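Peer 1: After the structure tokens below, expect a handful of questions from me.
The values are calculated or read from the model by the stated rules, or taken from the named source; none is laboratory data. Since we're looking at a predicted model, the values are computed, not measured. Every residue, glycine as well, gets a Cβ built from its backbone with ideal geometry; the counts of neighbours run over all protein chains shown.
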Amino acid sequence: MKLGYLINTYPRASHSFIRREVQALERLGWDVHRFAMRSAHRELVDPADIAEDARTEHVLKAGSWAVIKTAFNWMIRRPGRAWAAWRLALRCGARGNDRLRHLIYLVEAAVVAQRCYDLRIPHLHAHFGTNSTAVAMLAQALGGPSYSFTTHGPEEFDAPVALSLGEKVHRAAFAVAISSYGRSQLCRWAPQDDWDRIHVVHCGIEPWRFPDPLPLPSGGPHLVAVGRLVEQKGFALLLAAMAEVTPGLPGLRLTLVGDGPLRGALMAQSARLHLQDHVTFAGWQDESGVRAALAAATALILPSFAEGLPVVVMEAMAAGRPVIATAIAGLPELVAPDAGWLVPAGDAAALADAIRTLAATPPETLATMGHAARARVLARHDINAQAEKLTTHLTARGRA
């Protein structure tokens, strides 16, 4: 059973959930060919990502002349298809005032269509409803394989018209969202007749990487936050909340795992708020480093302003740790009251109150919450079960 996977830049350190999905499909017998427009090889540190990069065909690596030649040869043999795809590219590009970029996608799509023909790949599955799905849709319009795609958010839902989300759903064999919230957002922009082809398939974790949890650490509490140091993650708000509660909780500690453009600004904010003894900037960590940070923490805290459904929340729950998170997107579907606390996004006072509540909760109650969190995530986000669900949708459409 052959299947193509299409991502714009792959692999990346933040795309381990795609790698897990691909490998789970391969365990089910799928022959998955990875396509990406470009590589992020110089950024990769994790050996698993480096190995995945070697398994991926990077389309633009062939060079501009080879790409243009392949695309021209494909389109000149199918003038009717090429004309229809050209019109589709311009129409989609007009929605976001980005026609030139969509003509570039058209060229990329012709190369992908040719490679799928060469490799006898009947179906493409794209991740992210942005440019990778645009390329998959245009490849189909050019006479290439059928396609499906997974949306994650929040980027897709920030610009649904410019991204032609409704048209992408309409032309796809099916569409996937990683949460019910995500499905609702696709339904907003897709014709009602297409709603039955929009499915929920969760991102997954590999349960065998999370053996029985270590006991919660004593003292503290010790919080951990994991993510790129960018605006949407809300870490500046978290530091403000920390400054509010540390006078009454002198043992409170926060470890920030991750890197990004706001690192310097966040470190300066931490110094201004006199949090040096309470906040540690741990930098980027690989998967094993993240698991170690979670094991050393009392709870995960996620102050985000915008998310899809972060895999780190699943990992924290699998590690038997309660979660404090903002009540946005798909998070309320996972973080139940017996497993953590949900707070309004953008509210530092509410975040501070949740930290105080955590600190006042007896250790045995926190341990019980951690066990409930673990049971919930293992039941809902086992990557093998999610790959089986995706397989059901793939085969139901006759694409196996």
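Peer 1: State which residue is nearest to Thr56 (Cα to Cα) when the search covers only the stretch 97-130 and only residues that are in a helix (DSSP H, G or I) and aromatic (Phe, Trp, Tyr).
Peer 2: Quick first cut of the stretch 97-130, residues in a helix (DSSP H, G or I) only: 99-119.
Now restrict to residues that are aromatic (Phe, Trp, Tyr): 105, 117.
Numbers: Tyr105: 19, Tyr117: 17 Å.
Here the answer is Tyr117.
Peer 1: Exactly one condition in (1) over 25 Å from Ala110 (Cα atoms); (2) within 21 Å of the chain's Cα centre (by Cα); (3) at pLDDT 95 or above is not met by Asp193; state its number.
Peer 2: Exception for Asp193: condition (2).
Peer 1: Please determine whether any residue of the stretch 356-379 is among the basic types (Lys, Arg) and under 24 Å from the mean Cα position of the chain (by Cα). Don't jump to the end; show me each part of the working.
Peer 2: Taking the stretch 356-379 and keeping what is among the basic types (Lys, Arg), we get 356, 374, 376.
Filter again for under 24 Å from the mean Cα position of the chain (by Cα), leaving 374, 376.
Yes, the conditions are met somewhere in the stretch 356-379.
Peer 1: Would you call Val323 surrounded by 21 or more Cβ atoms within 10 Å (Cβ to Cβ) and more than 30 Å from Arg19 (Cβ to Cβ)?
Peer 2: So Val323 does not fit the description; no.
A quick yes/no check of all residues on (1) of a type in the set (Val, Ile, Thr); (2) in contact (Cβ under 8 Å) with a residue 60 or more places away in the chain; (3) surrounded by 15 or more Cβ atoms within 10 Å (Cβ to Cβ):
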| position | (1), (2), (3) |
| --- | --- |
| Leu358 | no, yes, yes |
| Pro362 | no, no, no |
| Thr365 | yes, no, no |
| Ala372 | no, no, yes |
| Val377 | yes, yes, yes |
| Ile383 | yes, yes, yes |
| Gln386 | no, yes, yes |
| Thr391 | yes, yes, yes |
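Peer 1: Just to be sure, is Asp212 acidic (Asp, Glu), closer than 30 Å to His123 by Cβ and surrounded by fewer than 17 Cβ atoms within 10 Å (Cβ to Cβ)?
Peer 2: Details: acidic (Asp, Glu): yes; closer than 30 Å to His123 by Cβ: no; surrounded by fewer than 17 Cβ atoms within 10 Å (Cβ to Cβ): yes.
It is false that Asp212 is acidic (Asp, Glu), closer than 30 Å to His123 by Cβ and surrounded by fewer than 17 Cβ atoms within 10 Å (Cβ to Cβ).
Peer 1: Among the listed residues Thr368, Thr392, identify the single one that is closer than 30 Å to Trp30 by Cβ and part of a helix (DSSP H, G or I). Walk me through it before giving the result.
Peer 2: Working: Thr368 fails: closer than 30 Å to Trp30 by Cβ.
Every option except Thr392 fails the conditions.
Peer 1: Looking at the stretch 215-231 only, could you name the residues that are part of a loop (DSSP other than H, G, I, E, B) and either free of Cβ contacts under 8 Å to residues at least 60 places away in the same chain or more than 20 Å from Val311 (Cβ to Cβ) (or both)? First the steps, then the outcome.
Peer 2: Step one: filter the stretch 215-231 for residues part of a loop (DSSP other than H, G, I, E, B), giving 215-221, 227-230.
Scanning the stretch 215-231 gives Pro215, Leu216, Pro217, Ser218, Gly219, Gly220, Pro221, Leu229, Val230.
Okay, residues lined up against (1) touching a residue at least 12 places away in the same chain (Cβ under 8 Å); (2) of a type outside the set (Phe, Trp, Tyr):
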position	(1), (2)
Tyr10	yes, no
Val22	yes, yes
Met37	yes, yes
Arg42	no, yes
Val45	yes, yes
Glu52	yes, yes
Ser64	no, yes
Ile68	yes, yes
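Peer 1: While we're looking at this one, here's another question. Which residue out of Val169, Val200, Val112 is modelled with pLDDT of 95 or more and closer than 18 Å to Val22 by Cβ? Even if it seems obvious, please write down each step before you answer.
Peer 2: Working: Val169 fails: closer than 18 Å to Val22 by Cβ; Val200 fails: closer than 18 Å to Val22 by Cβ.
Only one candidate qualifies: Val112.
Peer 1: For a quick check of your reading of the model, give me the residue pairs whose first member lies in the stretch 184-198 and is more than 16 Å from Ser148 (Cα to Cα) and assigned by TED's automatic domain parsing to the domain that holds Pro154, whose second is modelled with pLDDT of 95 or more and not in a helix (DSSP H, G or I), with beta-carbon atoms closer than 7 Å and at least 6 apart or on different chains.
Peer 2: Note: pairs meeting the criteria are Trp189/Pro160.
Peer 1: Also, I was wondering about something else. If you take the residues in the stretch 109-131 that are in contact with a strand residue (DSSP E or B) (Cβ under 6 Å, 6 or more places away or on another chain) and under 19 Å from Arg12 (Cβ atoms), which one is surrounded by the fewest Cβ atoms within 10 Å (Cβ to Cβ)?
Peer 2: Asn131
Peer 1: Further question on the same structure: Determine the pairs where a residue that is outside the structural domain of His102 (by TED's automatic domain parsing) and at pLDDT 95 or above, located within the stretch 126-150, has a partner that is crowded, with 24+ Cβ neighbours inside 10 Å and not in a helix (DSSP H, G or I) with Cβ atoms under 9 Å apart, the partner being 6 or more residues away or on another chain.
Peer 2: none
Peer 1: Please give the number of the condition Val323 fails out of (1) at positive phi; (2) in contact with a strand residue (DSSP E or B) (Cβ under 7 Å, 6 or more places away or on another chain).
Peer 2: Single failed check for Val323: (1).
Peer 1: Please list, ordered by residue number, the strands (runs of 3 or more DSSP E) wholly in the stretch 239-346 having 2 or more residues that are more than 19 Å from Pro363 (Cα to Cα) and at pLDDT 95 or above.
Peer 2: Per the criteria, 253-257, 279-283, 323-326, 340-343.
Peer 1: Among the residues of the stretch 236-268, which ones are crowded, with 21+ Cβ neighbours inside 10 Å, farther than 10 Å from Val279 by Cβ and touching a residue at least 40 places away in the same chain (Cβ under 8 Å)?
Peer 2: Correct list: Ala241 only.
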